[in-house]
1. Could you tell me whether the range 180-188 includes any residue that is modelled with pLDDT of 95 or more and in a helix (DSSP H, G or I)?
2. For the range 36-48, which residues satisfy the criterion of being open to solvent by 70 Å² or more (accessible area, probe 1.4 Å) and touching a Phe, Trp or Tyr at 6+ places or on another chain (Cβ under 9 Å)?
3. Can you run down the residue pairs with Cβ atoms below 7 Å, 6 or more apart or on separate chains, where the first is in the range 189-206 and at negative phi and the partner is open to solvent by 50 Å² or more (accessible area, probe 1.4 Å)?
4. Can you tell me how many residues within the range 54-89 are assigned to a helix (DSSP H, G or I), farther than 18 Å from residue 8 by Cβ and open to solvent by less than 20 Å² (accessible area, probe 1.4 Å)?
5. Which one of these does residue 90 not meet: (1) modelled with pLDDT under 95; (2) under 15 Å from the mean Cα position of the chain (by Cα)?
6. Quick check: is even one residue across the range 102-110 open to solvent by less than 20 Å² (accessible area, probe 1.4 Å), part of a helix (DSSP H, G or I) and in the same structural domain as residue 146 (by the TED database)?
7. Conditions: (1) open to solvent by 40 Å² or more (accessible area, probe 1.4 Å); (2) closer than 16 Å to residue 94 by Cα. Residue 154 meets all but one. Number of the miss?
8. State which residue is modelled with the lowest pLDDT when the search covers only the range 120-176 and only residues that are over 20 Å from residue 224 (Cα atoms) and assigned to a loop (DSSP other than H, G, I, E, B).
Amino acid sequence: MEQRLSPIKLDSYQPLREVVCESLREAIRKGILKPGERIMEIKLAEELGVSRTPVREAIRKLELEGYVVMMPRRGTYVADMSIRDINEIFEIRTALESLSNSLAAEHITEDELEHLQRLLVIIGGYIKEFEEGKDREGAMEKIVETDIEFHDLLYHAARNNRLVGIISNLRDQLTRFRTLSMSYPGRLEATLEEHREIVEAIANGDGRGASKAAEHHMENSEKTLLKAMDIATSRKEKAAKKKKARPPQKDA
């Protein structure tokens, strides 16, 4: 049996069900557990080195968060994302990002603002590495990680813990598509410029401007993701047709 998940370390201060939940959540985000894949409690428990109880509890929580779906008499599956799902997530997230940025313009500290500005410089450097093509995969991974750090800092600056929790959950549901979206031609540079607009508005204490900048960023993010998904789907369909049309090889 293929071992895809790392065994749980039992030295965490968190309840075991929370540790298991985070492990499974991360596996879904990274595509280790793929959309549409059936979730088998026994197999996951064996790979993680735990009993079935915390796995079962974790799966129930992941269902509430939208990561998995339970189908009567069929089992539990990693949730797939339809275009409608993506539209709904972005619709909600746009409103909340707008509110978050507006609040950040009111409450952000000088240290947090300086940190945001440093992250812009760091992301710019990673984009340059990506464009130079030395280690595109490594550079993209750094870009994604730093982009997450950038948004986490913005959320924290809003000083509203419940808002942070809701936005983070919505964002996490789309994390599996982050690399696909950012790989779309021109998206990296556009994202950096949109981030600069957000930081500039917040630095000026312009809540309305920060709110509008967030809406603009979310709108472009959604459009780019849908375009990238459309291209990826077309490529898969062409590859499948090509494979189907290939004549069978004759035995020697």
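1. Within the range 180-188, one or more residues are modelled with pLDDT of 95 or more and in a helix (DSSP H, G or I).
2. Result: 38, single match.
3. Note: pairs meeting the criteria are 194/216; 199/117.
4. Within the range 54-89, residues that are assigned to a helix (DSSP H, G or I), farther than 18 Å from residue 8 by Cβ and open to solvent by less than 20 Å² (accessible area, probe 1.4 Å) number 2.
5. Failed condition: (1).
6. Yes, the range 102-110 contains a residue that is open to solvent by less than 20 Å² (accessible area, probe 1.4 Å), part of a helix (DSSP H, G or I) and in the same structural domain as residue 146 (by the TED database).
7. With (1) open to solvent by 40 Å² or more (accessible area, probe 1.4 Å); (2) closer than 16 Å to residue 94 by Cα applied to residue 154, the lone miss is (1).
8. Among them, the one singled out is 134.
The values are calculated or read from the model by the stated rules, or taken from the named source; none is laboratory data. These numbers were taken from a predicted model, which means no experiment stands behind them. Because the Cβ atoms are built from the backbone with ideal geometry, glycine has one as well, and the counts that use them run over all protein chains shown. Calculation scope for accessible area: heavy atoms of the full protein, side chains included, ligands and nucleic acids excluded. Shrake-Rupley method; radii C 1.70, N 1.55, O 1.52, S 1.80 Å.
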